[in-house]
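**Student:** Just dropping this structure here.
Read the figures in this text as sums done on the coordinates, not as results from a lab. Just so you know, these numbers come straight off a predicted model, no measurement behind them. Here the Cβ positions follow ideal geometry from the backbone for every residue, glycine too, while neighbour counts run over all protein chains shown.
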Protein chains: 2
Amino acid sequence: MTLEKIFEQIVAKRSFLCVGLDTDINKMPAVLNDKEDSVFEFNKAIVDATAAYTIAYKPNLAFYECMGIKGLQSLGKTVRYIRDNYPDIFLIADAKRGDIGNTSKMYARAFFEEHPFDAVTVAPYMGSDSVTPFLSYSGKFVILLALTSNPGANDFQMCKNEDGVHLYEKVLKESVQWGDEKKIMYVVGATRAEMLTSVRNIVPNHFLLVPGVGAQGGSLSEVAKYGMNKKCGLIVNASRSILYADSSENFANAAAEEAKKMQLEMEALLIEHRIVK
Amino acid sequence: MTLEKIFEQIVAKRSFLCVGLDTDINKMPAVLNDKEDSVFEFNKAIVDATAAYTIAYKPNLAFYECMGIKGLQSLGKTVRYIRDNYPDIFLIADAKRGDIGNTSKMYARAFFEEHPFDAVTVAPYMGSDSVTPFLSYSGKFVILLALTSNPGANDFQMCKNEDGVHLYEKVLKESVQWGDEKKIMYVVGATRAEMLTSVRNIVPNHFLLVPGVGAQGGSLSEVAKYGMNKKCGLIVNASRSILYADSSENFANAAAEEAKKMQLEMEALLIEHRIVK
């Protein structure tokens, strides 16, 4: 997947929405209970209902790993289904991986060879050699954690170093030397939209994956105000607000409604910022 | 698993060795090629040959995930085999996970409920709420990354904040408020043994998981000099130097020899520090 293709999708769908597939078997509609692979059936229904409004899907690995082999089979089927049926969709493994070089190389193989993901989220704590093995794949992206949407982001990411630079800014400044916007994107939480100004000072052209709109309380218009660049530069994720919009057999329609609502908000912002007419 | 049981193992086996099961199908002896599950057969042979010298095993998740479902089945069989046949062994999932609270909760479920691991390695970048879900399990440990053994550790972990405190020290200082030595251990790389003095100033009683001895070049006696406390307080990992000591059909004997060599070095250090007689 190239940046150009992602931008084409944004323009065509008038949307920069990513749907997070944090599929929780305990929150799924009862109507799926008797299916052999209810997790896959749920994901398939959500994807089919929302793909018109969505440029990316982001399965959250934890939700599949906690179900053991069966969960990982559901994940594999989901990823393959999206790849085969919606080849233009940007496919993100939300996995927060990162380890010493020889190990990160194996994780890269897992997500980019064993699975057909276009991108994987990576934690920066272990530094350059924990990230670079993911960068050697052409047409694949690392989405590096910079400033996350959770309360714990204050514990370390917001710490200032001797030069008054926050750790998340240091992560941005260092990592732009490892790969440019064709290889790296960043996670920046919507719950800290005002920080997007300092992020954009360091990485004006990189795409940002923005979680925290919806269930976590971030504002879409604030995110666009501080974070949008002339190629949009934003992929905004929503998970729970779309997946569990309705717990009846009408769940897929309700998810589509919710995704469409976000797409319309995004369309207005794209027009306002003169990215589409 | 309790700290007392880990210490009992150290005294009984006169060892603080952990064998890292970074099982790479491309490095395994050809004699296993025709086995149906050669990864499991390799692990089983290594475990049976080294268990007398070892207090812990640490499968590295990346090496299994990169082989897809088949790799994860081999991992499951390996973990179950160790748990059933060597119930006193400390079982570590080297997974470097960590995400927002509701997601870390799912990872905790994966490692502590779906698998019978005693501990999981966790990356601290996302702060307290990314770690605390792992701490709610009785008899289970988080092993938090503090100072890792790779070159990239210099990029962020060694950065000093406004008060002259390194990031890895800040991680130690904050996280001791989330859980004590009965719940948390730390990763501190052997390649930076001299830093163990500052680590021990902050966490005198916590166990440290120390990678980097062997293939990465760290020194065991330096680690003991700066890091050992009166309950040993060290679990030193070796992976490649033991697993791939020999590529012939004699691989398991060679691994046992290598593990025994390390155990004897460790025994001398335990005697020197008056932990065993």
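**Student:** At 0.36 nm per residue, minus the direct Cα-Cα distance, what do A:Arg80 and A:Ile25 gain on full extension? Give it in nm, one decimal, please.
**Tutor:** Going from the current span to full extension adds 17.8 nm.
**Student:** Give the nm distances, rounded to one decimal, from A:Val11 to the matching residue in every other copy, measuring between label points 7 Å along Cα toward the beta carbon; shortest first.
**Tutor:** Relative to the other copies, A:Val11 has label-point distances of 7.3 nm.
**Student:** Can you compute the radius of gyration and Dmax for the protein assembly as shown, using only the Cα atoms, both in Å?
**Tutor:** In Å, with Rg to one decimal and Dmax whole: 23.5, 81.
**Student:** Provide the three semi-axes, in whole Å and in decreasing order, of the ellipsoid equivalent to chain A as defined by the square roots of 5 times the Cα gyration tensor eigenvalues.
**Tutor:** 28, 23, 17
**Student:** Here's another thing I want to ask about it. Taking 18 Å as the cut-off for C-alpha to C-alpha distance, list the pairs among A:Lys70/B:Lys77; B:Lys77/B:Lys140; A:Lys35/A:Lys70; A:Lys96/B:Lys160 that go past it. Working shown, then result.
**Tutor:** Details: A:Lys70/B:Lys77 15 Å; B:Lys77/B:Lys140 20 Å; A:Lys35/A:Lys70 13 Å; A:Lys96/B:Lys160 24 Å.
Over 18 Å Cα-Cα: B:Lys77/B:Lys140; A:Lys96/B:Lys160.
**Student:** Subtracting the Cα-Cα distance from 0.36 nm times the residue separation, let me have the gained length for A:Asp37 to A:Arg240 in nm, one decimal.
**Tutor:** On the way: separation 203, 0.36 × 203 = 73.08 nm, distance 2.03 nm.
Here the answer is 71.0 nm.
**Student:** In nanometres, what is the gap between the two model label sites at A:Ala12 and B:Thr197, each 7 Å from Cα along Cα-to-Cβ?
**Tutor:** 6.2 nm
**Student:** Using the C-alpha gyration tensor of segment A:2-159, what are the square roots of 5 times its eigenvalues, in whole angstrom, with the largest one first?
**Tutor:** 26, 20, 17
**Student:** Return the aspartates and glutamates within reach of A:Lys225: Cα separation strictly under 16 angstrom, same-chain partners fewer than 8 residues apart disregarded; answer none if there are no such residues.
**Tutor:** A:Glu194, A:Glu265, A:Glu267, A:Glu272
**Student:** Once phi is turned into θ = phi - 60°, what whole-Hz ³J(HN,Hα) does the Karplus curve with 6.51, -1.76 and 1.60 give for every residue of segment B:204-212, x standing for Gly and Pro?
**Tutor:** With the stated coefficients, segment B:204-212 comes to x, 9, 6, 6, 10, 9, 10, x, x Hz.
**Student:** I would also like to ask the following. Average partner chain C-beta neighbours within 10 Å, per residue of B:66-76?
**Tutor:** Across B:66-76, the average partner-chain Cβ count within 10 Å equals 4.
**Student:** Just flag the trypsin sites (Lys or Arg not before Pro) in segment A:201-232 sitting in loop per DSSP whose Cβ has no more than 13 other Cβ atoms within 10 Å.
**Tutor:** Loop-located and lightly packed - A:Lys230.
**Student:** How large is ³J(HN,Hα) for each residue in segment A:191-197, as worked out from phi by the Karplus curve 6.51 cos²θ - 1.76 cosθ + 1.60 (θ = phi - 60°), to whole Hz, x for Gly and Pro?
**Tutor:** 6, 10, 4, 5, 6, 4, 4
**Student:** Follow-up. Can you give me the long-range amide H partners of A:Ala93? Hydrogens built in the peptide plane at 1.01 Å from N, cutoff under 5 Å, separation of 5 or more residues or another chain.
**Tutor:** Here the answer is A:Asp118, A:Ala119, A:Val120, A:Thr121, since their amide H atoms fall under 5 Å of that of A:Ala93.
**Student:** Between A:Asn154 and the same site in the other copies, what are the distances in nm, shortest first, taking label points 7 Å from Cα along the C-beta direction?
**Tutor:** Result, one decimal in nm: 3.5.
**Student:** Here is a further query. In nm to one decimal, list the spacings between the B:Ser248 label point and its equivalents in the other copies, with label points set 7 Å along Cα to Cβ, shortest first.
**Tutor:** 7.3
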